[in-house]
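The next block holds one structure in the form of structure tokens; read it before the comments.
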Amino acid sequence: MLFYSLPEISLMIALAIAVDWLVGDPKWPTHPVILIGRLIKRLEGRLYPETDGVLSAGAMRLRGVALTVCTVIAAGAATMAVVWAAALIHPWLGFAVNVWFVSTTIAVKGLKDAAMLVYRPLKRGDLAEARKYAGYIVGRDTDRLDEREASRAAIETVAENTTDALVAPLVFALLGGAPLAMLYRAANTLDSMVGYRNERYLHFGWASARLDDILNYAPARLTGLLMIAAAVSLRGLSPVRALRAIVVFARLHPSPNSGIPEAAAAGALGIELGGVNSYFGVRSERARMGWPLRSLETEDIVKTVRLLYAVSMLLFVWGLTTWWITR
């Protein structure tokens, strides 16, 4: 059975969230996202010319399109094949495999764990270790970050990835189960690996970056609404400021989507995100989000993680409620 009813898909989403809360994102060599990353690396090795500058910008974009199309189709088709085979054995096994695959496309626990690897060293005054772990989750230079900037890196990562690692995969799971959720995860992984506006990937990664923008457009806006709703239940967070920050600041972000969850988090917490980042020694001014009603603190990492979990709880409750009402 490959096609599921609304109550079935709703229960699938709720169970996938629960699996992620409990198990997280183990770094198994056979983890789907790790396999997608390996596929991207292999295809890039075949499609990217060994000598820079031998192809025109248009030719590089065409090769980037080939990379993007091959990766997302392979990820979606492979997932569908495994789900189909499991469903042939037994419908419940097919459902369980769907749940597991969907859980691998989200990373609530993984985001929390990554953020806490920055938070804990900061709390005990080990800035060097905090910088090291911040370097695992952001692309900017981290070797000279102070406590505030290391905290900002963790907060921005959790806020932005509330869309990429939670809401968006579940939106696509709602539309097409595990195969479509995995197709989205492949597109998002492509963007994280080749979707950079640097000399190597400006043209080759163009298709991957644009596809990620398109797929995240609706989920990012849903994320903003969910973060506003989640802020209602958390002490010290302001849903009104979160809404105002989205309206005022989100459009200033270079990404059409990432500014929404970042602005929502900044507004809810009453802090300012964005500012000066350094990439390979070159300073870059990022759009500033939110009003600095107080200084950004290390504890804001924990508050942002709580906001992420509150959003996941809203989606979990939605899944169970929809399953119960419509079954």
Protection-proxy order for peptides 264-271, 146-153, each taking the mean of Cβ atoms within 10 Å per residue, highest first: 264-271, 146-153
Anisotropy class of the chain from Cα gyration tensor, a/c 1.5 cut: oblate
Region 6-326, relative contact order in percent, only Cα pairs under 8 angstrom and at least six apart counted: 23
Cβ-Cβ FRET estimate between residue 28 and residue 73, R0 fixed at 22 Å, reported to 0.05: 0.40
Cα→Cβ-extended label distance, 7 Å offset, between residue 129 and residue 244, nm: 4.0
Ranked packing of 174-181, 154-161, 32-39, 83-90, most packed first, by mean Cβ within 10 Å: 154-161, 174-181, 32-39, 83-90
Cα gyration tensor shape of region 96-158, rounded if a/c is under 1.5, else prolate or oblate by comparing a/b with b/c: prolate
Order by protection proxy (mean Cβ within 10 Å, highest first), peptides 310-321, 273-284, 201-212: 201-212, 310-321, 273-284
Nonlocal amide H pairs with residue 278, under 5 Å, H built at 1.01 Å: 141, 284
Debye, to nearest 20: dipole size of region 6-326, +1 on Lys, Arg Cβ, -1 on Asp, Glu Cβ: 180
Full-extension gain in nm, residue 85 to residue 229, via 0.36 nm per residue minus C-alpha separation: 47.9 nm
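Bear in mind these aren't lab numbers, they're just calculated from the coordinates by the rules spelled out. The structure presented is a predicted model; accordingly, all values stated were derived computationally and were not measured. Please note: Cβ atoms are built from the backbone with ideal geometry, for glycine as well, and neighbour counts cover all protein chains shown.
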